[in-house]
Amino acid sequence: MPNADSVVYVVDDDQDIRTSLSRALRKRGFEVEAFDSAEAFLDAYDGEQAGCLVLDFGMPVMSGLELQEHLNGLGFPLAIVFITGHGGVPESVKAMKAGAVDFLEKPFRQSVLVERILAASEEAIAKRDAQERNHQIRVRFDRLTAREEEIVARMISNPAEVSSKEIGNYLGISPRTVDHHRARILEKLEVKTVVELIDLASRLKDATASRPG
Amino acid sequence: MRNSLGALLAIGLAGLQFVAVLAVVFSSYVTSERALLDHARGLLNDVGTNTIAHSQGFLRPARGAAELSARLAQNDVIASDSPQLLEQLLFQQLQLAPQFAGVYHGSEDGDFVYVMRSSGPGPFRSKIIRVDGDSRTTELIWRNDDFSVVERRMDPEDTYDPRTRPWYIGARESLTTIWTDPYIFYSSQQPGITLASPVEDGAGGVRGIVGVDIEISEISEFLSHLQIGHTGRALIIHANGDVIAHPNQSLLKTRDSDGSLRFANIRDIDDPIAQAAFVQLTGDGQVPVERNNLSQFQYGGEVYVSIVMPVMSDKLPWTIAAYAPEDDFTAVIKSNRRTNIWIAAVVAMITGIGGLALANYIYKPVRAFAVRSALISQGELDPSEPLPKTYQELENANTTLMQQIAARKETELEYGQTFALSSRGMAQVEAETGRFIRVNARFCEITGYDAGELERMTFSDLSLPGAPPFLTQWNGGSGKDDEINHEMRCLRKGGRTIWTSVNAIRVHNQEGKALHFVLTMDDISLNKEKEEKISQLNKDLSYLSRDNTMGQLASGLAHELNQPLTAIAQNADAALMTVEQHPQADAELREILEEIESQSLRAGEIIRALRAFIRKDEGVRTVFDIEELLDQTQRLVIAEAHDVGAKITTDMENLPPVEANRVQVAQVLVNLLRNAIEAVAETSDREKHVTVRAGRRGDQVIICVIDNGPGVDPSINLFTQFETTKPGGMGLGLTICRSIVQENGGRLWHEASETGGARFCFTLNAGGARGAG
């Protein structure tokens, strides 16, 4: 069943395709928005809405492939299903490598498209959720003072030397001060132990690493 | 025929000498001879004059004596009838002049007194005849110089009568003093003449005649002493032709048949030279000359000069004639002349030899110069060698010559360098045999042979077997063109053939005979290859165009059909959904809608199969040089651009090779270029420009064809099939182009050009992008 969190964006320069596809998908319960060009989509999209792009491969000016490249750099919660009237193998390979969910040749079986849209929607939502969690972790990290960040960085880079004494020696401050900071850090990051803190930091790190650009 | 300066000089100098000497000799020969002859004649004249003077001087006393005696007798100074007195008077007269042989007086009555020189017994003898009536006595008295008597006797036998003698008769008749003709004296047998003078009686009568006998052998004696040359002679000829004086007295007298003595006539005198000289003078018995008559004659092979003078006087009709051999005067001169001629010949020879030597001396530097010039022209002598000592004129000529030689050498050097260093292959080929005379390095490079090998080859060795031998055909033909351009396959060393362009120029001599060819050869293989590539591309395009237009059409149609088929399928699905949401859904309707969907999908399958089928013929993608293809496609449409006056310019960055179907890309390019040319053809108010701009964008190459034509009406969807702005167009061009480009992994679109025209761009993947794709 269509996920209510996800929107289907239809981008095709062919008016008939846009109309029929939007109507059929809406009938199946999808929330559909249609655009006649990649540029029009980019103008309208807010960057946060999770969604599935049903993207025409061959369009004038900005092609579907170019839009895909463009979006890959921005980290939006979107997944792409290409539809094409040409179906060239090299192009499809290129699109799939760049992260497309599938590459469908027109005309396609509706059930196949729906299935791909659902998969794409899930992917988009997962992407969005991860981003959201990251965001929350980021918010918690943002609460830290400069000194606290310093201590966290030390703990993350040297997980074997996390005692107050070791960190105090390293930073040239007293272990008591480190203790004090440590309690504040755990509180601000909403974790109970240093192990949890390192885990949280690594998740943030992964998310940051997975976000291109 | 030009004369040698040396020969001219020799002939001139020696010949002039010879001629000059000859002229002097000849002139002296002629003038000296004439002078001598004049001298001879003058001499003869003098002889004559002297002889006349001598003769007259010789005879004048006789006349004086006779006339004196006559006058004495006449005036009775002496009694003519007193023989003693008369004898004494006559004796005195005789003694006065030694030339007198005798003096006498004859009277009318026959008395006669005669005193003469005698040979003995006394030196003088007187003969006295006394006539008295019929009686007469003749007494002979010999006396000494002092008139004393030596002997005296009577001569009774004597019958002499003076009145019968010619002298008496002549004088008596003429009543004046007369000269008789010369004759031989009876008594002395000596030649002489008698002068007779009458003794008048005062009454017109004559008492007697006084006579004087003069021996004229004295004149001959005088003549014999005259020096006329060596052997010349003078003689006196009486008017009747008798020779009365001659140097040889013995010739004077001759004896008649009756035994009497007489003078020898000039006709029979024993002096043949005188005869020859003067006999014609007396042809009519009279010496005809009135003035000195000088003449020349030949006798016995010798030349003589002669003179004949007029008679001395009326009383003495004697002619003086003289002759002398010319040689007497000219022999010395002639021998002198011979000597002179020999001297002249020797002088002419010596001066001739001197002239030759001088000519040789003068000519020597010229000859040396000529030899030197010949050596220089044969290249055996360096022109910079110093010139031997010579004349100013030759030095000037030498300077000019050296300049000419230097200029010629420079020209040769320039030509040689041009030939050798030319960046084009050059060769000189013998006209008749086609043999290489010389070749340059580039020619060797083109043909692959070295110069030594080529010089043993002929031009036809470079042609393929069976190729028309254009050079020799041209040679044999009557073509007047001296230049020919020919493209031929050249057989290189090792057997590889290359395309060459040959320009041949025929070089003639002055008679028009072909001497050799100068060939310029270029390797045009690359051009040829390029041309062939373009022509192949054109062929491919027309093939593609002819045979694959339907395929392209189908491909384009397939793409365009897929869109509505997709829409149909979607709409069917939407309808099906709607039907299913309806509680009283008609099962048949659902079935119909499901069939619509599956049929549209089936149509899509058919199209996909068709496209897969077509795609098999589309050839394969290759990595190729897009710059080269851009160049070639431009060449294909350049003629169309020229026709409408459009200019195509290219603006290319350094482009990477692209990966695509080369022929298909070429078709797109040609299509876009043709569209652009057609677009600018409609403009007339500005210059017609079509620009091809190509550049790199990431791993793609973007190619734009830009024109400054009227642009595209925004209301027209360019890429809709079968929609066209061109009358007669199918509206497929751009659509097909777009589908081709898409099939090759690129995009094609239109945008407005800043110049107001249209700009069509398309992209292609760079060849290096294959690894990433």
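The values are calculated or read from the model by the stated rules, or taken from the named source; none is laboratory data. It should be emphasised that the depicted structure is a prediction, and the values quoted were computed from it without experimental measurement. Neighbour counts are summed over all protein chains in view; Cβ atoms, including those assigned to glycine, are modelled from backbone coordinates with ideal geometry.
On the basis of being of a type in the set (A, V, I, L, M, F, W, C), more than 14 Å from chain B (Cβ to nearest Cβ), within 22 Å of residue A:39 (Cα to Cα) and assigned to a helix (DSSP H, G or I), does residue A:71 make the cut? Working first, answer last.
Values: of a type in the set (A, V, I, L, M, F, W, C): yes; more than 14 Å from chain B (Cβ to nearest Cβ): yes; within 22 Å of residue A:39 (Cα to Cα): yes; assigned to a helix (DSSP H, G or I): yes.
Criteria met by residue A:71.
When the residues of segment A:87-117 are narrowed to those that are over 16 Å from residue A:66 (Cβ atoms) and of a type in the set (S, T, N, Q), which ends up surrounded by the most Cβ atoms within 10 Å (Cβ to Cβ)?
A:110
Scan segment B:696-719 for residues that are in contact with a helix residue (DSSP H, G or I) (Cβ under 8 Å, 6 or more places away or on another chain), modelled with pLDDT of 85 or more and within 14 Å of chain A (Cβ to nearest Cβ) and report the count.
Count: 2.
Return the only residue of B:629, B:636 being farther than 16 Å from residue B:691 by Cβ, modelled with pLDDT of 85 or more and buried (at least 16 other Cβ atoms within 10 Å of the Cβ).
B:629
If you take the residues in segment A:46-65 that are within 17 Å of residue A:7 (Cβ to Cβ) and surrounded by fewer than 20 Cβ atoms within 10 Å (Cβ to Cβ), which one is farthest from the other protein chains (Cβ to nearest Cβ)? Give the derivation first.
First, pick out the residues of segment A:46-65 that are within 17 Å of residue A:7 (Cβ to Cβ): A:46-55.
Then drop every residue that is not surrounded by fewer than 20 Cβ atoms within 10 Å (Cβ to Cβ), which leaves A:46-49.
On the way: A:46: 27, A:47: 24, A:48: 28, A:49: 23 Å.
Across segment A:46-65, the extreme among qualifying residues is A:48.
Being in contact with a Lys or Arg (Cβ under 9 Å, 6 or more places away or on another chain) and facing another protein chain (nearest Cβ under 9 Å): is that true of residue A:81 here? If you could, list the steps in order and put the result at the bottom.
Working: in contact with a Lys or Arg (Cβ under 9 Å, 6 or more places away or on another chain): yes; facing another protein chain (nearest Cβ under 9 Å): no.
No.
Do we have residue B:400 as under 30 Å from residue B:440 (Cβ atoms), assigned to a helix (DSSP H, G or I) and not assigned by TED's automatic domain parsing to the domain that holds residue B:311 here?
On the way: under 30 Å from residue B:440 (Cβ atoms): no; assigned to a helix (DSSP H, G or I): yes; not assigned by TED's automatic domain parsing to the domain that holds residue B:311: yes.
No, not satisfied.
Where the second residue is among the polar types (S, T, N, Q) and assigned to a strand (DSSP E or B) and the first is farther than 10 Å from residue A:53 by Cα and lies in segment A:1-13, which pairs have Cβ atoms under 9 Å and are six or more apart or on separate chains?
none
So which strands (runs of 3 or more DSSP E) are wholly in segment B:197-298 and hold at least 1 residues that are closer than 17 Å to residue B:325 by Cα and at pLDDT 80 or above? Spell out how you get there, then give the answer.
Details: elements: B:206-215, B:233-238, B:243-245, B:253-255, B:261-263.
In segment B:197-298, the matching strands (runs of 3 or more DSSP E) lie at B:233-238.
Can you tell me which residue within segment B:726-743, out of those that are touching an Asp or Glu at 6+ places or on another chain (Cβ under 8 Å) and within 13 Å of chain A (Cβ to nearest Cβ), is modelled with the lowest pLDDT? Spell out the reasoning first.
From segment B:726-743, those touching an Asp or Glu at 6+ places or on another chain (Cβ under 8 Å) are B:726, B:731, B:735, B:743; that's our starting set.
Right, trim to within 13 Å of chain A (Cβ to nearest Cβ) and you get B:735, B:743.
Numbers: B:735: 75, B:743: 78.
So the residue we want is B:735.
Residue by residue through segment A:23-37, note down the ones that are of a type outside the set (A, V, I, L, M, F, W, C) and within 11 Å of chain B (Cβ to nearest Cβ). So that I can check it myself, show each step before the final result.
We begin by selecting, within segment A:23-37, every residue of a type outside the set (A, V, I, L, M, F, W, C); these are A:23, A:26-29, A:31, A:33, A:36-37.
Once the filter is applied, which keeps residues that are of a type outside the set (A, V, I, L, M, F, W, C) and within 11 Å of chain B (Cβ to nearest Cβ), segment A:23-37 yields A:23, A:26, A:27, A:28, A:29.
If the Cβ limit is 8 Å and pairs must be 6+ apart or interchain, which residue in segment B:560-587 that is more than 9 Å from chain A (Cβ to nearest Cβ) pairs with which residue that is part of a loop (DSSP other than H, G, I, E, B) and surrounded by 13 or more Cβ atoms within 10 Å (Cβ to Cβ)?
From segment B:560-587, the pairs are B:579/B:585.
When you go through (1) surrounded by 12 or more Cβ atoms within 10 Å (Cβ to Cβ); (2) touching a helix residue (DSSP H, G or I) at 6+ places or on another chain (Cβ under 8 Å); (3) in a loop (DSSP other than H, G, I, E, B) one by one for residue B:145, which number turns out not to apply?
(1)
All but one of (1) within 14 Å of chain B (Cβ to nearest Cβ); (2) touching a strand residue (DSSP E or B) at 6+ places or on another chain (Cβ under 9 Å); (3) not hydrophobic (A, V, I, L, M, F, W, C) hold for residue A:94; which doesn't?
Going through (1) within 14 Å of chain B (Cβ to nearest Cβ); (2) touching a strand residue (DSSP E or B) at 6+ places or on another chain (Cβ under 9 Å); (3) not hydrophobic (A, V, I, L, M, F, W, C) one by one, residue A:94 breaks only (2).
Could you list all residues from segment B:451-498 that are under 50 Å from the mean Cα position of the chain (by Cα), modelled with pLDDT of 70 or more and assigned to a loop (DSSP other than H, G, I, E, B)?
Correct list: B:455, B:456, B:457, B:482.
Just wondering, is there one or more residues in segment B:603-615 that are within 14 Å of another protein chain (Cβ to nearest Cβ), touching a residue at least 60 places away in the same chain (Cβ under 8 Å) and either in contact with a Phe, Trp or Tyr (Cβ under 8 Å, 6 or more places away or on another chain) or part of a loop (DSSP other than H, G, I, E, B) (or both)?
no
Let me confirm something: among B:425, B:452, which residue is touching a residue at least 40 places away in the same chain (Cβ under 8 Å) and small (Gly, Ala, Ser)? Give the steps one after another, and end with the answer.
On the way: B:452 fails: touching a residue at least 40 places away in the same chain (Cβ under 8 Å).
The conditions single out B:425.
Does residue B:56 satisfy being surrounded by fewer than 17 Cβ atoms within 10 Å (Cβ to Cβ) and in the same structural domain as residue B:179 (by TED's automatic domain parsing)?
Numbers: surrounded by fewer than 17 Cβ atoms within 10 Å (Cβ to Cβ): yes; in the same structural domain as residue B:179 (by TED's automatic domain parsing): yes.
Yes, satisfied.
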